[in-house]
1. Considering only residues of the range 144-160 that are open to solvent by 60 Å² or more (accessible area, probe 1.4 Å) and in a loop (DSSP other than H, G, I, E, B), which is farthest from Lys108 (Cα to Cα)?
2. Where residues in the range 5-30 are of a type in the set (A, V, I, L, M, F, W, C) and surrounded by fewer than 24 Cβ atoms within 10 Å (Cβ to Cβ), which of them is nearest to ligand 2 (Cβ to nearest atom)?
3. What single numbered condition from (1) closer than 20 Å to Asp5 by Cα; (2) of a type in the set (Gly, Ala, Ser); (3) outside any strand (DSSP E or B) fails to hold for Gly61?
4. I'd like to know if the range 50-58 contains one or more residues that are part of a helix (DSSP H, G or I), open to solvent by 10 Å² or more (accessible area, probe 1.4 Å) and at pLDDT 95 or above.
5. Restricting to the range 203-213, and then to whatever is in contact (Cβ under 8 Å) with a residue 40 or more places away in the chain and in a loop (DSSP other than H, G, I, E, B), can you tell me which residue is nearest to Leu272 (Cα to Cα)?
6. Taking Glu267 as meeting all but one of (1) open to solvent by 20 Å² or more (accessible area, probe 1.4 Å); (2) more than 16 Å from ligand 4 (Cβ to nearest atom); (3) touching a residue at least 60 places away in the same chain (Cβ under 8 Å); (4) out of contact with any Lys or Arg (no Cβ under 6 Å at 6 or more places or on another chain), write down the number of the exception.
7. Filter the range 214-225 down to the residues that are assigned to a helix (DSSP H, G or I), hydroxyl-bearing (Ser, Thr, Tyr) and either modelled with pLDDT under 95 or within 15 Å of Leu257 (Cβ to Cβ) (or both) and list them by number.
8. For Cys114, which of the numbered conditions (1) more than 16 Å from ligand 1 (Cβ to nearest atom); (2) open to solvent by less than 30 Å² (accessible area, probe 1.4 Å); (3) assigned to a helix (DSSP H, G or I); (4) more than 21 Å from His243 (Cβ to Cβ) fails to hold?
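The values are calculated or read from the model by the stated rules, or taken from the named source; none is laboratory data. Note that the coordinates shown come from a computational prediction; the quantities given were computed from them, not determined experimentally. Here the Cβ positions follow ideal geometry from the backbone for every residue, glycine too, while neighbour counts run over all protein chains shown. Remember, those area values only see protein heavy atoms, side chains included, never the ligands or the DNA or RNA. Shrake-Rupley method; radii C 1.70, N 1.55, O 1.52, S 1.80 Å.
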Amino acid sequence: MKVADLHVHSHFSDGTLAPSAIVAEAIRKGLSCISLTDHDTIDALDPAIEAAGKDLEILPGIELTAEFQGQEIHILGYLIDYRNDAFLKMLAMMQEVRVKRISGICEKLKKLKCLIEPEDVFKFAVYGSVGRLHVARALLQKGYVGSTSEAFVRFIGEKGAAYVGKFKMTPQEAINWILKVKGIPVLAHPHLLGDKTLISDLVKAGIMGLEAFYPEHSEYQTQEFIKIAQKYDLLVTGGSDCHGYAKEEIKLGLIKLPYEYVEKLKEAQCRLK
Ligand code: AMP
Ligand code: ZN
Ligand code: FE
Ligand code: FE
């Protein structure tokens, strides 16, 4: 049976692996298809497609951040036309915002007696799309925390004292960007959305799928999201949200999504055109 993992980060955002290493690992784990879904960057897509050749299917993807009812949500875009000029310009703007934000986070950390310079963070983001996971790794390296999760809980998570938001689109804007480049907008890790009834608002905004299969979802949660997807006639996707070694284990392949879900994604995309 063909299986897919549709949520993977490379070292072009906050994963640690190069696209070629991800491809090799995906093949080793018996996957037939993966989607590279880096935060605000498409730079991994061409190298991954090249490394994969005919041995692995790569679905072009992206993960955008939006702000919804005061909380951060992530919207995945699948099968995007990642060469669209306006889209690339928007991503370039996001990259600038990400870089500036690191100084703000470092300032706040200094006040909390964690002496981290932006350069210490950029060392972990040599290929681009710098983010909070890179800050977490710098904090870990300097011994201020014992794990990257601790960094989020104590400092840089949404409730942390050194949290700095970045430019966030509304869900509608993120969804529109994905639709503009002929992609399928999907709500990532829906368990993080505290109130499930909010999904109906996202459906109104144009969300087309739910990431029901996710490592942190219990069997019960997965079934619940599948039911919600059926209720609103949404697609179902799944992925490991692998960040390489950045989160202490290689999650790639933890989700083995039956390929029929990928086919449904593709059919939905054909209907968009
Ligand atoms: P950013 O896009 O810079 O705001 O960073 C968001 C990323 O940080 C997420 O995609 C995760 O990779 C990571 N992240 C967010 N919250 C946590 C957490 N509590 N523990 C570990 N990683 C997290
Ligand atoms: Zn990430
Ligand atoms: Fe995410
Ligand atoms: Fe992710």
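1. Among residues in the range 144-160 that are open to solvent by 60 Å² or more (accessible area, probe 1.4 Å) and in a loop (DSSP other than H, G, I, E, B), the one farthest from Lys108 (Cα to Cα) is Gly146.
2. Step one: of the range 5-30, the residues of a type in the set (A, V, I, L, M, F, W, C) are 6, 8, 12, 17-18, 21-24, 26-27.
This time we only want the ones that are surrounded by fewer than 24 Cβ atoms within 10 Å (Cβ to Cβ), so: 17-18, 21, 24, 27.
On the way: Leu17: 13, Ala18: 16, Ala21: 17, Ala24: 21, Ile27: 23 Å.
Checking each candidate, the answer is Leu17.
3. The failed condition is (3).
4. Our first condition is that a residue be part of a helix (DSSP H, G or I); within the range 50-58, this holds for 50-52.
Still in the running and open to solvent by 10 Å² or more (accessible area, probe 1.4 Å): 50-51.
Now restrict to residues that are at pLDDT 95 or above: 50-51.
Yes, that holds for at least one residue.
5. Met208
6. (3)
7. Our first condition is that a residue be assigned to a helix (DSSP H, G or I); within the range 214-225, this holds for 219-225.
Restricting the remaining residues to those that are hydroxyl-bearing (Ser, Thr, Tyr) gives 220, 222.
Residue satisfying the conditions is Thr222 alone.
8. (3)
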